[in-house]
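The values are calculated or read from the model by the stated rules, or taken from the named source; none is laboratory data. On a predicted model such as this, the values are computed, not experimentally measured, just so you know. Note: ideal-geometry Cβ built from the backbone for every residue, glycine included; neighbour counts use all protein chains shown. Each accessible area value is taken on the protein alone, full model and side chains, heavy atoms only, with ligands, DNA and RNA left out. Shrake-Rupley method; radii C 1.70, N 1.55, O 1.52, S 1.80 Å.
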There are 4 protein chains.
Amino acid sequence: MIGKAFKVSIFGESHGTCIGALIEGCPPGLRVDEELLRAELRRRRPGSALTSPRREEDEPVIMSGVFRGRSTGAPILIVIYNRDRDSSFYEAIKDTPRPSHADYVARVKYWGMNDYRGGGIFSGRLTAALVAAGAVAKELLGKHGIRVYSYVVKVGDVEAPVKPEDSPGFREAIDASPVKCPDPNASELMEGLVGRVSEEGDSVGGVVETVAFNVPVGLGFPPIDTLDGDIAKAVFAVPGVKGVEFGAGFMMAGMRGSEANDPLIIHDGKVVTETNNSGGINGGLSNGAPIVFRVAFRPTPTIRKPQRTVNLATMQPAVIEGWGRHDPCIAIRAAPAVEAVTALVLADHLLRWYSWEGMRSRILG
Amino acid sequence: MIGKAFKVSIFGESHGTCIGALIEGCPPGLRVDEELLRAELRRRRPGSALTSPRREEDEPVIMSGVFRGRSTGAPILIVIYNRDRDSSFYEAIKDTPRPSHADYVARVKYWGMNDYRGGGIFSGRLTAALVAAGAVAKELLGKHGIRVYSYVVKVGDVEAPVKPEDSPGFREAIDASPVKCPDPNASELMEGLVGRVSEEGDSVGGVVETVAFNVPVGLGFPPIDTLDGDIAKAVFAVPGVKGVEFGAGFMMAGMRGSEANDPLIIHDGKVVTETNNSGGINGGLSNGAPIVFRVAFRPTPTIRKPQRTVNLATMQPAVIEGWGRHDPCIAIRAAPAVEAVTALVLADHLLRWYSWEGMRSRILG
Amino acid sequence: MIGKAFKVSIFGESHGTCIGALIEGCPPGLRVDEELLRAELRRRRPGSALTSPRREEDEPVIMSGVFRGRSTGAPILIVIYNRDRDSSFYEAIKDTPRPSHADYVARVKYWGMNDYRGGGIFSGRLTAALVAAGAVAKELLGKHGIRVYSYVVKVGDVEAPVKPEDSPGFREAIDASPVKCPDPNASELMEGLVGRVSEEGDSVGGVVETVAFNVPVGLGFPPIDTLDGDIAKAVFAVPGVKGVEFGAGFMMAGMRGSEANDPLIIHDGKVVTETNNSGGINGGLSNGAPIVFRVAFRPTPTIRKPQRTVNLATMQPAVIEGWGRHDPCIAIRAAPAVEAVTALVLADHLLRWYSWEGMRSRILG
Amino acid sequence: MIGKAFKVSIFGESHGTCIGALIEGCPPGLRVDEELLRAELRRRRPGSALTSPRREEDEPVIMSGVFRGRSTGAPILIVIYNRDRDSSFYEAIKDTPRPSHADYVARVKYWGMNDYRGGGIFSGRLTAALVAAGAVAKELLGKHGIRVYSYVVKVGDVEAPVKPEDSPGFREAIDASPVKCPDPNASELMEGLVGRVSEEGDSVGGVVETVAFNVPVGLGFPPIDTLDGDIAKAVFAVPGVKGVEFGAGFMMAGMRGSEANDPLIIHDGKVVTETNNSGGINGGLSNGAPIVFRVAFRPTPTIRKPQRTVNLATMQPAVIEGWGRHDPCIAIRAAPAVEAVTALVLADHLLRWYSWEGMRSRILG
């Protein structure tokens, strides 16, 4: 479960009946309808040859918690049915786990009982559930003027120089790019790279950057329930994540304090930071600057090239190859999922922040 | 709180009465005594001129949950009293927050009520509480043959080529280094760098690597309670963390699947991975290979060099300088804390793993 | 959410699309299929004129977490679609809350946004979700020889002298009774009483007793996560509960220690209690004796007789009457729900108990 | 842990170093000092011959989370050291568990590792920790005008006709009674009864009633996190509880809906209930009326009269007698503990209520 006040659980398997999310603790009165969810889900659809050819229609169905188009305060169940499933291939190769996929660990963890078809619960398909839930969280955040954007800043060796903005144009630039990169030149280079990798039967990694604007100062409950910690945990619910860094992140390891520290200045009568190497978080608390972090995605483990593995039925070395339809770069379709989980964590922390702020005037008198 | 079965809360302030930890859910029968805790705490003590000259004796007192040197199954309270406190300096500068420290955000979050002396709850001193609790977790893990090592692999531009081993020698090499780096050459270079930085009145960042050996396959509860996610969240409880990456981490973003994937092979009759780019975790579950991850630490925000800030009382620009005793490189003393939180998360997941494994034979028949 | 290891959330509204439950943390390998759920759900169906004439078919659909008839270890989503809904009456009276129903408090809590039709989330209908989830919990408990029985021991002034037994005959006696009372004479008297009350347009309260056999010694995590406390909390998820007591319960308040204490004796080489005034729990831990507790249910708040209320639109006094189809005694259909939540709590505590027991031999050596 | 926003853990053993509580999530700015805690602790002190002669001084020490007499928002650790301990008796009888005490179950649960001296964690002494934490919760509730009173309404066969009032006089009447019963006549009768029972070497049960005034409408998060359910769970953290009932409670089982329902009326322009059979809660939500519930306490299991038990070392029948100093009626000293846990639950739910209410105007616009 993500969250303690705004709580989200996800369920479902790639080739089962459905996937979906259960949201508990969402306040009443928010606009929540299928069109809202659909608009978000569309952003993670395969937009081109770059992503898996599976034609997921991702038609969300709101099963509870909404009445006349508004959240009621009751648990919201969202279900997205699976279609276009062909599991025959998975039967053929169920004893030969894909290297670096969850096939092998899942078999051990679940005593051989797991639904291995399509990767089961480990499929990238479950990110649609996160995206749907995230749409509701964004409605809540929007009431506070908080907006979140995730976009691809690196694919393989192609890096994009992105300067995030809190504007409709920035949103459109992300959505217009088939690789979710708002920089048109980099987008084109990334698209070319992904195409070549795909032709080679290989896959490639990438980096997704996220920025959240207008987050109030003081979200987080240190010393342990830090805002950055909760974001970090949540992003690992997106398959393929291998790292997360805030602000200057790993580069900070090579910096001096005098260059890394963000001077405090007064701007429009408010205390702000001049730079944002901290990524908007100090001491586990939001500091008022945009929250900025990057998430590293591994290359899709499923590739067409031959790979060495073990046949678990015979316990003999084996080779697998020729896996079919998979995104060659999961970072691309994961971008909306990272945006969604960020929204989920911020919505949760915003509600929890109000648990104190709502009492403030009564306590301070 | 870290954990759901083995649960740890920490408390205390840098210049208050004490710091400490409360452990709930620890099984009975483990050796827990002050000497055990002291041995771990010693590892984070200032070993040289490289770290803060504050002479913390870190004398742990076990207040509950232990009877005749063994854990009883009841909550274990560990208290470490503070000594050698001089808060006068903090009074003088309490209105001029240190850039990139939690001073400013804490003042807003806590409505000006926080104990700002010595950084309050945001002080690196609280990591002693994590280390003490981690000592208990390591006792539990030791019963399962699981061992955890954290060490510094980078300070500023000095990187150490460390090949971790599950051996007493490796442990000793870490502990022998004043910068917690098991590579003697790199250790010396790091020591030199930290010394120069300190003389300049500046600070420098670093990277801590952690490896956990002998973790059974299948720890973790995806799709959301992933093992890597829980580790990632926990490390952010250590002040100064700006990033975390597993296995090949951010480098994976530049790799192809065919080079990043870890082939499965048979070794001694068991299925193992030939390489470990995954860092011992796939799909949020431990895969049997050593768990390897790196944590990026920012330079200590408190430096002696002049820095621009704002006087919050007058709301005028201000300059602060001359801060006294602080570790110039927090990564060094943070290494044992990262080791501790890793042990806490693994202990928790080990207990939770048994909640299923204990039923296995009854269910499968 | 009920539980920390075996975790259950419920959702849905009386007149919405569906109701249902999400189970997280269920181990793999258990038989879970629609027939299993249906068998349990049948036990709460209106069996006679005594309960609401609404024809709920309660056809459960397993949407995730099950593969080839076995639990997979992944989240299990169970949905029961609503049919036979007619909400027109609720529209007519939505501004005149029923006394002692949740109508008024729900309107305030949810800012007027709640789905009031059929009582929304406060409908007894949601107990079907608990019963469906309970069916899975009972499968797990069955692997440990633990069995749970709930039955009606009191309706209005009719009390039944029930001596619970762990036998198929006892189960059948409960199920055969239209009022869920295994004592045939009392059952007939209760049936008569409920019929008369129904004719009068009134309702009546009742008491449900529960017994759980074969629970191992030591379930519970005191001092706070007590087994009785967790059961007590869970039963309040069943609408209409106003009290819960274990063993001799409130009668204990009038007893002396010398009569209330349960002597320890040796039976078949094992330590057991001679009597069971404690209801199988001491100090928040199961003691090996059958767990016995009773739950008091209020009379159904919805009645046909005229009642004074307030018209919230006009803020004038009002009278409501003539409410249609409702069980005159909710205790009857609540019995299977109490049995279900008991199973949920025991399943959770059994798994948590194994988190320690699974480590026992490694720790004690 | 009690609570999700205002979170309390307790620790310690009867004959160990200390007992105490850790409070996490308490907002800043509340008056918290030793005198505040002491005032509450005094209310559970042995006031007369009626309660255990052990001279507990209950001197609370605030170890963290408070600065200059105000809560800081950081975790608050409260420690109460144990004194006047003589464990020799417990050594002599450690193999002969007291009937209906936790002695036997604790030995099994904790693999023989538990601190059995003085009952260990199962001692009524731990309620001092709850009372100390409750003092902080009451400060928070006081800022909202919420006040909680617990008092004894029954000891053995003596029942007191108490009509609770939200007034200083009512508070004084409770505190003035050596048996915590605000009715002077009943108090005297109870005192006499407890004295006689004590002379007989026996113990006696009792009932504690609690009332909370001024609780806003809508506290609680149904369908599962009900307010009554959370209170019910929390009271079981007080040793000796065997039952809890709200409003008319178990009497409701014998009532008709037409007499049990609380009519809604308009009073001073507000919607209120005319009667309060519901005990201030409907559908798991506070309804604005005073919250009223009763808790049944068993007779103290430890008595001087001879009792049959088993010698666990020899596995032979045994008789124990002559246990020394123990309250003959635990209900009396438990009353302040019930008051405290009620305050803890209400403080938690109040904060959680604000997590929605704080967003209300932004959402509804």
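Worth a mention:
- Some residue of region D:118-127 being open to solvent by less than 20 Å² (accessible area, probe 1.4 Å), away from chain C (no Cβ under 13 Å) and either touching a Ser or Thr at 6+ places or on another chain (Cβ under 8 Å) or charged (D, E, K, R) (or both): yes
- Residue check: C:S361 meets all listed conditions (1) out of contact with any Gly (no Cβ under 7 Å at 6 or more places or on another chain); (2) at pLDDT 95 or above; (3) facing chain D (nearest Cβ under 8 Å) but one, namely (3).
- Identity of the residue in region A:17-36, open to solvent by less than 10 Å² (accessible area, probe 1.4 Å), at the interface with chain C (Cβ under 7 Å from one of its Cβ atoms) and not in a strand (DSSP E or B), that ends up nearest to C:I10 (Cα to Cα): A:P28
- On inspection, B:G118 passes the criterion of being small (G, A, S) and in contact with a His (Cβ under 6 Å, 6 or more places away or on another chain).
- Whichever residue in region C:240-268 is among the hydrophobic types (A, V, I, L, M, F, W, C) and assigned to a strand (DSSP E or B) and, among such residues, is nearest to D:H101 (Cα to Cα): C:L264
- Within region C:82-91, no residue satisfies the criterion of being open to solvent by less than 20 Å² (accessible area, probe 1.4 Å) and out of contact with any strand residue (DSSP E or B) (no Cβ under 7 Å at 6 or more places or on another chain).
- Residue match in region C:92-111 (condition: among the small types (G, A, S), touching a Lys or Arg at 6+ places or on another chain (Cβ under 9 Å), open to solvent by 10 Å² or more (accessible area, probe 1.4 Å) and touching a residue at least 24 places away in the same chain (Cβ under 8 Å)): yes
- Residues that are of a type outside the set (S, T, N, Q) and on the phi > 0 side of the Ramachandran plot within region C:207-242 comprise C:G218, C:G220, C:G240, listed in sequence order.
- Test: D:S203 is more than 9 Å from chain C (Cβ to nearest Cβ) and either small (G, A, S) or closer than 15 Å to C:G243 by Cβ (or both): no
- Scan of region B:280-338 for residues that are open to solvent by 10 Å² or more (accessible area, probe 1.4 Å), outside any loop (DSSP other than H, G, I, E, B) and touching a helix residue (DSSP H, G or I) at 6+ places or on another chain (Cβ under 7 Å), ordered by number: B:N282, B:R294, B:I330, B:R333
- Region B:1-37, subset over 16 Å from the mean Cα position of the chain (by Cα) and of a type in the set (G, A, S), residue nearest to B:Y354 (Cα to Cα): B:A5
- Scanning region B:149-164 for residues that are among the hydrophobic types (A, V, I, L, M, F, W, C) and open to solvent by less than 10 Å² (accessible area, probe 1.4 Å) yields a count of 2.
- Qualifying residue in region D:202-209 (condition: open to solvent by 10 Å² or more (accessible area, probe 1.4 Å), hydroxyl-bearing (S, T, Y) and either more than 23 Å from D:V8 (Cβ to Cβ) or in contact (Cβ under 8 Å) with a residue 12 or more places away in the chain (or both)): no
- Counting only residues that are hydrophobic (A, V, I, L, M, F, W, C) and facing chain B (nearest Cβ under 7 Å), region A:214-225 holds 2 of them.
Yes or no, residue by residue, for (1) open to solvent by less than 10 Å² (accessible area, probe 1.4 Å); (2) at pLDDT below 95:
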{"position": "D:S167", "(1), (2)": "no, no"}
{"position": "D:F170", "(1), (2)": "no, no"}
{"position": "D:C181", "(1), (2)": "yes, no"}
{"position": "D:N214", "(1), (2)": "no, no"}
{"position": "D:R256", "(1), (2)": "no, no"}
{"position": "D:G269", "(1), (2)": "no, yes"}
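- Options A:V148, A:V131; residue that is farther than 22 Å from A:V194 by Cβ, more than 12 Å from chain B (Cβ to nearest Cβ) and at pLDDT 95 or above: A:V148
- Residues of region A:54-81 that turn out to be modelled with pLDDT under 95 and crowded, with 16+ Cβ neighbours inside 10 Å, as a count: 3
- Region A:138-148, residues that are within 16 Å of A:R43 (Cα to Cα) and open to solvent by less than 10 Å² (accessible area, probe 1.4 Å): A:V148
- Just one of the listed residues (D:A237, D:A313) is at the interface with chain C (Cβ under 7 Å from one of its Cβ atoms) and either more than 30 Å from A:G65 (Cβ to Cβ) or of a type outside the set (F, W, Y) (or both), and it is D:A237.
- Test: residue in region D:344-357 that is closer than 30 Å to D:L189 by Cα and not aromatic (F, W, Y): no
- If you check C:V197, C:V211 for being more than 8 Å from chain D (Cβ to nearest Cβ) and among the aliphatic types (A, V, I, L, M), only one passes: C:V211.
Conditions (1) of a type in the set (A, V, I, L, M); (2) closer than 26 Å to D:N282 by Cβ; (3) more than 7 Å from chain D (Cβ to nearest Cβ), marked per residue:
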residue: C:L227; (1), (2), (3): yes, no, yes
residue: C:D230; (1), (2), (3): no, yes, no
residue: C:T273; (1), (2), (3): no, no, yes
residue: C:A289; (1), (2), (3): yes, no, yes
residue: C:T302; (1), (2), (3): no, yes, yes
